[in-house]
Structures are given as C-alpha cells and as structure tokens.
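Notes for the one structure printed next.
The values are calculated or read from the model by the stated rules, or taken from the named source; none is laboratory data. No experiment lies behind these values; they were computed from the predicted model shown. Using ideal geometry, Cβ is built from the backbone for each residue, glycine included, and neighbour counts are taken over all protein chains shown.
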Amino acid sequence: MINVLFNNRIFKFLSGGGIAAAFNLLLISVMVELLGLNTPILRNVANAVSIELSLLLSFFIYRIWVWPGGSWNVRVVFSRQLPLYHISAGSAVITRIFLMFPILDWLGINYAINTLIGILVGASINYILSDSLVFKTKAEPSSELYCPEGLETALLQKSDLESSHPLKGYIPQGNIDRSLTLSILIPAHNEEGCIEQTIHSINQVLEQQTIDYEILVVNDNSQDCTEALLQNISAQNNKVRYINNHYPKGFGFAVRYGLENYRGDTVAIVMADGSDAPEDIVNYYYKLLEGYDCVFGSRFIWGGNVIGYPLHKLVLNRLANLFIQILFGLKFNDITNSFIAEKLLSEFLHLYLITLT
C-alpha cells in the first residue's frame, strides 16, 4: 500500500508542492531575518525572489520525480517548459485570488475552508496544466503515426511502427482463438457526412483480419440523412445493422442503448466521425483475447497527442479525470475516453456510463 502511494503521480505532485512551499518559507525567512532585508521594498524583493526560486525548485522536482522522461534539451526546457510552467502556476494563483476566494467569501464560507478549497482548486489547475501542457513531450511527426482527435492508443510502441505488420500497435504472438464475435458499437447523431466512410474503413480492416464481427450503429435522433444512409448500408451488408435510440437524445444514452442490444461476445465503442483508427480496434480485440476484461486508449500519455481540442473542454476533461482518479484510487489518466473495448459489462464500464449520463 505504501509503495502504491509513493508511486502515485498525484501524491508525488502534492509532496513536491509541499517541499517547494516549505523552501519558499525558509528562504524568505533567511533573507528577511538573517540578511536584514527588512524594509517594505526589500521584503517585497525577498518575497519575489523566494517565490521565483521555489517555482524553479518545484519545476525540477516535478520534471525529475513526477513527470520523468522526455527530452532534457536546453532549448525545450528553458524556452518552452519553464515559461509554460510559470503560466500554469500563475493561472492557479490568479484563479484562487480573483475567482475562488471572492465567490466563496460571497457565499459566506468560513475563511479557513475558503483557503483550503482555494489551495485544492489551485493545485488541481496547476496539476492539469502541467500534465497536459508543460511536461507533455510531443511525439515526433511520422507518416505512420495515426493521430485522431487526441487518441494515441496506449498499445502503440515504436517497435511496432517499424514492423512490416499492417496493424499499428500490439502484434499477437502464437495461435490465438478468434472465435469470439466482436461487436462494433457506433453512436451516430447527424453523421451523414462521414458514417459511410467510417463503416467502410472498419469493415475493410476487420475483413482483412478474418475477425467475426458485427457493426451496430445507434441512430441518435438524427435530423439529416443518417438513417437513410444506414438503411442502405445495412441492406447491402448483413454485418451492419442499425437501431434508433429510444432513450432521450444524448451520447451516453445512445451508448447505453447499444450496449443493451449488441449480439457479440465482445464490444468496442467507436466514434462515428472516424477519429478512432480501425487498426486499433483490432489491437483491442487481440488484447481481449489474451484475457484482459477491458482495453482503452489514452490521449494523455507520453507520445499521445490532442488535435483541435478546445481549451475549456480540455480543462473540464482533466478535472473530471482527476476527480475520478482520486475518488476511486485509479491509476488511469483518461477514464472518460470513449474509445473502449469490453468483454463483459463490468463495474468499470458502469462507471464509464455514469460519467456519460
């Protein structure tokens, strides 16, 4: 239990922040009391210097202990990571002073609780921005690297990219039983511009891999020609069928209805806009055949990437994931990722559905 705690990134982050805060207090005390910087102007100078040095200390603690790895290139560290870290820490402080404190004070919250909440919110913002922007190393561009809306599967390895195997990611070893039927669940709302191509791409890859499958599309109250296209596709391909969502309109309800109606032994939830690589569906399937109950990718791991993701959506995503990580003690950092494959409707998937609806 102690080893798990000390290996937890959030615990390391909070510990590193505590060390930096203690260093800040010690440094300003030394400068004011021992060096005699005890006039109003000199105290402000001492405060600014101690804050800056404690920020530098916390940066290197996080860089070495909390987010190890990545490039130590001088240009990257000093021209990108350090300025971004100052913005991250400054955003946390500004949010506490100009947003959290006034709101909680207006609500009549006790000042001690106000301060505690402000510290927690500030730490959360700093953690999210540090994890997503500051210490995240961008993958080198490659024509082989598939980058849909932020998803770089956790199974993706450099050695696999160098392989002649047609799939990106995990390559199964030995003889693997492929008798399990894979259901592809696609929630679709007004997807007339891409649903045909998405289904065609998935169908093509799964046929090449000789996997027994079905594609189930849940038409989520589409107002365009999505349903007409699905009627035509399902009439031509008996492995494709669609149903109309009878729950209220919404992504989570569409997924839930699909999970109640798929017929396969395993199920993978895939986006209708083609942002999930069909090759990764196969990688997921092989992992399930190995005995794993659930497989999902992460957009926020080393080598991952987020493309065209609105900043407010990114912040909400990181806050929600951080809350779930702390609440349930999970080590996964992208729990709300929609691209997921399951054998059975486990407790993890129940949790996933709750976050959607």
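Of all residues in region 301-319, how many are under 29 Å from L182 (Cβ atoms) and modelled with pLDDT of 75 or more?
So the answer is 1.
Among (1) touching a residue at least 24 places away in the same chain (Cβ under 8 Å); (2) loosely packed, with under 13 Cβ neighbours inside 10 Å, there is one condition A89 misses while meeting the rest; what is its number?
Of everything listed in (1) touching a residue at least 24 places away in the same chain (Cβ under 8 Å); (2) loosely packed, with under 13 Cβ neighbours inside 10 Å, A89 misses just condition (2).
Of everything in region 18-43 that's part of a loop (DSSP other than H, G, I, E, B) and touching a helix residue (DSSP H, G or I) at 6+ places or on another chain (Cβ under 7 Å), which residue is modelled with the lowest pLDDT? Reasoning before the result, please.
Taking region 18-43 first, the residues part of a loop (DSSP other than H, G, I, E, B) are 35-39.
Cutting the leftovers down to touching a helix residue (DSSP H, G or I) at 6+ places or on another chain (Cβ under 7 Å) gives us 37-38.
On the way: L37: 81, N38: 78.
Step by step, filter region 18-43, then rank; the result is N38.
Return the only residue of Q204, Q209 being surrounded by fewer than 17 Cβ atoms within 10 Å (Cβ to Cβ), at pLDDT 50 or above and within 16 Å of V270 (Cβ to Cβ). It would help to see each step written out before you state the result.
On the way: Q209 fails: surrounded by fewer than 17 Cβ atoms within 10 Å (Cβ to Cβ).
From the options Q204, Q209, the qualifying one is Q204.
Run down V121, V134 and say which single residue is more than 17 Å from I51 (Cβ to Cβ), touching a Phe, Trp or Tyr at 6+ places or on another chain (Cβ under 6 Å) and crowded, with 16+ Cβ neighbours inside 10 Å.
Values: V121 fails: touching a Phe, Trp or Tyr at 6+ places or on another chain (Cβ under 6 Å).
After applying the criteria, what remains is V134.
Return yes when S15 is in a helix (DSSP H, G or I), modelled with pLDDT of 85 or more and touching a Leu at 6+ places or on another chain (Cβ under 9 Å) and no when it is not. If you could, list the steps in order and put the result at the bottom.
Details: in a helix (DSSP H, G or I): yes; modelled with pLDDT of 85 or more: yes; touching a Leu at 6+ places or on another chain (Cβ under 9 Å): no.
So S15 fails the test.
Mind listing just one residue for me: the one in region 79-136 that is charged (D, E, K, R) and in a helix (DSSP H, G or I) and, of those, farthest from the chain's Cα centre (by Cα)?
Among them, the one singled out is D105.
Tell me, which residue of region 34-57 that is under 15 Å from A89 (Cα atoms) and polar (S, T, N, Q) is surrounded by the most Cβ atoms within 10 Å (Cβ to Cβ)?
S54
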